[in-house]
């Protein structure tokens, strides 16, 4: 080996000893190898050809061009290879082994490339398969070479084919089976590929080398390896030598063969954004796919995308979309039949031609020349930098994305990924709901940051609330997506089975349903709202339909409530919708107030994003579909009595399963206002009646607040055997009231006023609930005095009434001696169908009946009384019972049987301070015998129920027997009575409507008290004290008069006769 090295250096030593004059042109018999051997500056290049076993190839060439880097250039390249190796850059060292082989006479200890393929490729890239320059005249006469080539044009870069034919064959024995672009069908072998040999990465063509000839100060200059505009490159030294088989052109630098497309994309600064976005699978494809013509977007091209689109592309979930972006700008057919699409090939020699390229995704790219080799357009976009040569194709850089649709065609699902909602997307996919978020859009997503975005469409108006359930155009489905970010679902995505309420992604703290379950599907359907609802279209309290349809709603959409609150009235922090500049209904600007938007109680935490026909709201938590009616009521402390009533009536199962029902739920105060009526209904023996009350509050269809008429009244069937309940809306203030059927303008159920809706649209699994402030008793329910007494838990009072033979009080009859003969047998006219519902199951009454209000002491109060005495003394018992019974009449001049609305609800009497009523014991009442039979009521505290009742005029020392505190009260159901002549005036309107004289009359009630009132009898002093006092006074007056009379008489007797002075004694 050392001998061979010494022999290689002999020509160099001979050249040094020769004359300094330039050597003459070699004879016609010389070859390129001879010139190379004779040149002292190219011995390393000669050694490289020898090492690569290319000397025979070089000799066999006939008409070629060799760009010969000098030894100094090769050594500089060797140094650069070492620096790259020290810095960790992976790559085969091409020139380092050559230099070491020559300088030290040794080969690599571990030769991995026995064929020296990398060196061979590099050397062949320095060789053109034709003579680039014409030979000088001194040699031309004896030359046997072909006709001289066409001279290179000045200042025009020209691509020339080298002897380097890139191929994967040495490295991949399966080649030429082409790789496949991810996301596309497998590529088929090229039918135009050469038969019987490898196709090569450039479709059986040599790699190109760009040259430029221009005029310099000292003559023509030849530059090698310039870019498409002639910049850069290596200037030749000008010491060209001609041989029989070509021309020898020295250069001062080594030519670098182009890298593969993937490497170029990674290392080109203008393509750094594209390189950072492309998935590894696509880059792997690009690095090996043959004869690709690429029109790649520069960094500036991506600026046309929105921030969300870029976030999606960088999310790691956009591989298919990035593959599509690449495939729409890549062609393997190139200029035709797999020829690489170099610009000069596409636009012609005059650079004014046109060509169409078929893309990998079967699209079309149109390249148009503009008469300048450095100017061309593709699909109307100017090519910013063309003909970037690669090992397996060519790159043309363009400043825009070449998308057939003009946009990325992103879906709501892809925007959700960009918004960090990938876990939410995964949940949708797990239950096959992705179709809601996979509708492609040709328009880029828009982030709404203004209070009033432009209208959606003039021909597609959206009506609010429940009237906007179905899309106006069924071909263009519109959806509002309520999604949560990944941090909300972090614990659930980590597979934690036991989550605390604080860690739960659901708003109410419940755990996330299992993946793929029907419960999870229903939960996610509740997050898909029908219609595209922009912030400007939302109103506080409005309901919109979701994609959740269940049998519990009869197949109708489940609703979700929208909240729009001012900053002061908001709960928690959320996305703020500023109303600055928003026009009010009157046309004036509203104040600069910030508003918070919420869906189903979860705040919106980011700006909504519009994507085509969809809009995305990011909310603070997952929303659970509405619960059952009983669960919704349990969560409201105002409705605890309703919940207790439901369980007492064993209706909890019905409330949970009865489909499509609207529940009217009275508050605790409303049930409390029933007083003794409610206490009676809660008794175990009254379960059926309690059920009827609750069923009367269940409308047999789903009626949201906006479904009721805007003005006037309407009636709806209930679950109580088809009984109807009535709703009326005030035309002035739009308040909604509820009442039962009426007769003659008076309520048949005995309620003094209509119930008002306090809160509406409380959504449930089976419909909706409306909270009302009064219990509406069904007209079929009859509350009698006896029922009220039982509700007061005063069975002793009932026993005493019966023991006193006064059951006519409980029956609402006049005392027996007051009733005329035959009144009990009096018949009543038949009522029309309009009154049958109100009269059903009720006891009939006539004008001879009498209503009573019973003051009912509790059984505990009777425990302090000697009942044995009263039971053995009928007279005393009768007086005791009579004192506790007050006859009741209509309480107003209008004939209404109810107290005025200003009084306590449910009371059978008008309770006013110092108001008195005569009991049956009073002498003013038939059968009464006591002057102390009147009862007076007194307000003793600030509470509405703080009343006392006592015997008026009682002056006894036992105050606990003369007065008692009122505990509760209840009103009996009013009566429908036939009117006598005296009543015809009150029932005139009703009689005209019904064809008979019928009116509604009060039926009395019960007032529960804590003590028994003992009939008051004054003592002997109260009876005879005045006589004694008068006698004493008279005696005293007589005595005093007698004393003065006696004294006067005595004084009178003491006066004597006196004689006159002149009168003599006889």
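Answer with yes or no whether residue 920 is at pLDDT 85 or above, surrounded by 16 or more Cβ atoms within 10 Å (Cβ to Cβ), part of a loop (DSSP other than H, G, I, E, B) and touching a helix residue (DSSP H, G or I) at 6+ places or on another chain (Cβ under 9 Å).
Yes: the conditions hold for residue 920.
Looking at residue 308 and the list (1) in a helix (DSSP H, G or I); (2) closer than 25 Å to residue 201 by Cα; (3) in contact with a strand residue (DSSP E or B) (Cβ under 8 Å, 6 or more places away or on another chain), which single condition is not satisfied?
If we test residue 308 against (1) in a helix (DSSP H, G or I); (2) closer than 25 Å to residue 201 by Cα; (3) in contact with a strand residue (DSSP E or B) (Cβ under 8 Å, 6 or more places away or on another chain), just (2) comes out false.
Within region 515-535, can one find any residue that is modelled with pLDDT under 90, closer than 23 Å to residue 422 by Cβ and surrounded by 20 or more Cβ atoms within 10 Å (Cβ to Cβ)?
no
Tell me yes or no: at least one residue of region 631-638 is in contact (Cβ under 8 Å) with a residue 24 or more places away in the chain, in a loop (DSSP other than H, G, I, E, B) and buried (at least 18 other Cβ atoms within 10 Å of the Cβ).
no
Yes or no, residue by residue, for (1) modelled with pLDDT under 65; (2) touching a strand residue (DSSP E or B) at 6+ places or on another chain (Cβ under 7 Å):
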residue	(1), (2)
942	no, no
946	no, yes
955	no, no
961	no, no
984	yes, no
987	yes, yes
990	yes, yes
993	yes, no
1002	no, yes
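From 321, 300, which residue is at pLDDT below 90 and part of a helix (DSSP H, G or I)?
Selected residue: 321, the only one of 321, 300 that is at pLDDT below 90 and part of a helix (DSSP H, G or I).
Based on this model, can you work out whether residue 470 counts as at pLDDT below 70 and under 30 Å from residue 515 (Cα atoms)?
yes
Exactly one condition in (1) at pLDDT 85 or above; (2) closer than 25 Å to residue 558 by Cβ is false for residue 710; which is it?
(1)
Select from region 1006-1051 the residues that are modelled with pLDDT under 85 and outside any helix (DSSP H, G or I) and list them in ascending order.
1016, 1017, 1018, 1019 - these are the residues of region 1006-1051 that are modelled with pLDDT under 85 and outside any helix (DSSP H, G or I).
Out of the residues in region 94-115 that are part of a loop (DSSP other than H, G, I, E, B) and modelled with pLDDT of 85 or more, state the one that is nearest to residue 43 (Cα to Cα).
For region 94-115, the residue satisfying everything is 95.
So residue 655 fits all but one of (1) closer than 20 Å to residue 777 by Cα; (2) touching a strand residue (DSSP E or B) at 6+ places or on another chain (Cβ under 7 Å); what number is the exception?
(2)
Look at region 687-715 and say how many of its residues are without any contact (Cβ under 8 Å) to a residue 60 or more places away in the chain, part of a helix (DSSP H, G or I) and under 12 Å from residue 727 (Cα atoms).
0
Considering only residues that are under 18 Å from residue 976 (Cα atoms) and assigned to a strand (DSSP E or B), which ones fall in region 740-782?
Of everything in region 740-782, those that are under 18 Å from residue 976 (Cα atoms) and assigned to a strand (DSSP E or B) turn out to be 742, 743, 746, 747.
Please state which of the following conditions residue 361 fails to meet, knowing it meets all the rest: (1) surrounded by 19 or more Cβ atoms within 10 Å (Cβ to Cβ); (2) touching a helix residue (DSSP H, G or I) at 6+ places or on another chain (Cβ under 6 Å).
Against the list (1) surrounded by 19 or more Cβ atoms within 10 Å (Cβ to Cβ); (2) touching a helix residue (DSSP H, G or I) at 6+ places or on another chain (Cβ under 6 Å), residue 361 comes up short only on (1).
The values are calculated or read from the model by the stated rules, or taken from the named source; none is laboratory data. Source: prediction; values computed, not measured. Every residue, glycine among them, receives a Cβ derived from its backbone with ideal geometry; neighbour counts consider all protein chains shown.
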